[in-house]
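The values are calculated or read from the model by the stated rules, or taken from the named source; none is laboratory data. Keep in mind that this is a model prediction, so the values were computed, not measured. Positions of Cβ are backbone-derived with ideal geometry, glycine not excepted, and every protein chain shown enters the neighbour counts.
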Amino acid sequence: MVGGLLPAGTTLPPLPHLLVVLLATGGVVAALRRRRPRVTGRRVLALAPWMALGSAAHVLYVVDALPSLLAPFAGSPTVYLTVGSLAGAAWLAVDAARPDRVPTTLAAAGALCLVPVVAAAVGSGLSPAGARWSAAALALTLPVAALAWLGLTRLRPEAAVTGGVGALAVFGHALDGVSTAVGTTQLGFGERTPVSRILLEVGGLPSMPVLGEGWLFLLVKLAVATAVVWLFAAYVRETPAEGYLLLGFVAAMGLGPAAHNLLLFSVAA
């Protein structure tokens with residue numbers, strides 16, 4: 001059954017909201033195709049705050065802290081189109097106004113949008129225990145991701161051509177793996193994605209400090225992320241624009257859920 005393959009909580013917004021999102025997304029995509037702004041690793045890396053913005057907005061949706069008029073735009077999966085269209089529009093505007101400062105300005109714009117959303121989530125109620133475990137997950141991820149990236153670039157030096165975008169992909173998926181394991185083991189959260197839930201519910205595994213039996217989920221995430229970066233090295237070298245964009249999407253698939261975990265734990269644990 002298809003519904004069984006989708007994350008729990010997947011819904012479509014009311015028709016008027018859906019039409020607004022689809023029209024906005026279509027308009028931005030058409031404008032991007034027409035203008036074709038230059039794609040580099042630094043420009044894709046500058047989208048990192050926007051990746052976190054979608055997750056933070058969805059946390060506001062989950063804790064029911066958004067006005068009723070705006071809430072449908074932050075549901076899953078609509079929030080991806082909402083924030084994607086905003087990020088695309090920002091990229092177009094910056095590319096037209098300051099083409100020499102696109103990475104810095106695009107990242108700053110994303111951060112300026114992200115900060116008030118995170119502040120609103122924290123203002124809805126902070127969980128001291130959840131915040132502590134979120135900080136612990138982030139602290140544990142830093143050496144894990146660094147070792148994974150070092151191992152990857154040692155085994156396949158060509159992977160270094162992916163630069164910051166490749167490193168962000170590894171870090172994002174490592175943070176998703178660590179935070180998910182911490183959330184399920186230490187805070188009692190469940191996993192919404194069926195495939196991930198299967199990995200987290202495998203029985204008979206030895207337990208590790210902090211991660212519990214969720215270390216298997218982290219290991220799979222790291223294996224997949226490093227394998228993808230490994231395979232994308234040649235693509236980025238031969239077709240940088242397409243390679244960086246697709247690798248940026250891979251990074252978003254890790255960093256987005258990870259940012260969602262950290263913020264949700266901090267306010268709802």
Filter segment 105-153 down to residues that are over 18 Å from the mean Cα position of the chain (by Cα) and polar (S, T, N, Q) and give me whichever is surrounded by the fewest Cβ atoms within 10 Å (Cβ to Cβ).
S124
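Just one of V2, V39, V62, V29 is surrounded by fewer than 20 Cβ atoms within 10 Å (Cβ to Cβ), over 28 Å from A121 (Cα atoms) and at pLDDT below 95; which is it?
Going through V2, V39, V62, V29 in turn, just one is surrounded by fewer than 20 Cβ atoms within 10 Å (Cβ to Cβ), over 28 Å from A121 (Cα atoms) and at pLDDT below 95: V2.
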So which of A46, A57, A74 is under 17 Å from the mean Cα position of the chain (by Cα) and over 26 Å from F265 (Cβ atoms)?
A46
Check L32, L86, L23 and return the single one that is assigned to a helix (DSSP H, G or I), closer than 25 Å to Y235 by Cα and either in contact (Cβ under 8 Å) with a residue 60 or more places away in the chain or out of contact with any Phe, Trp or Tyr (no Cβ under 6 Å at 6 or more places or on another chain) (or both).
L32
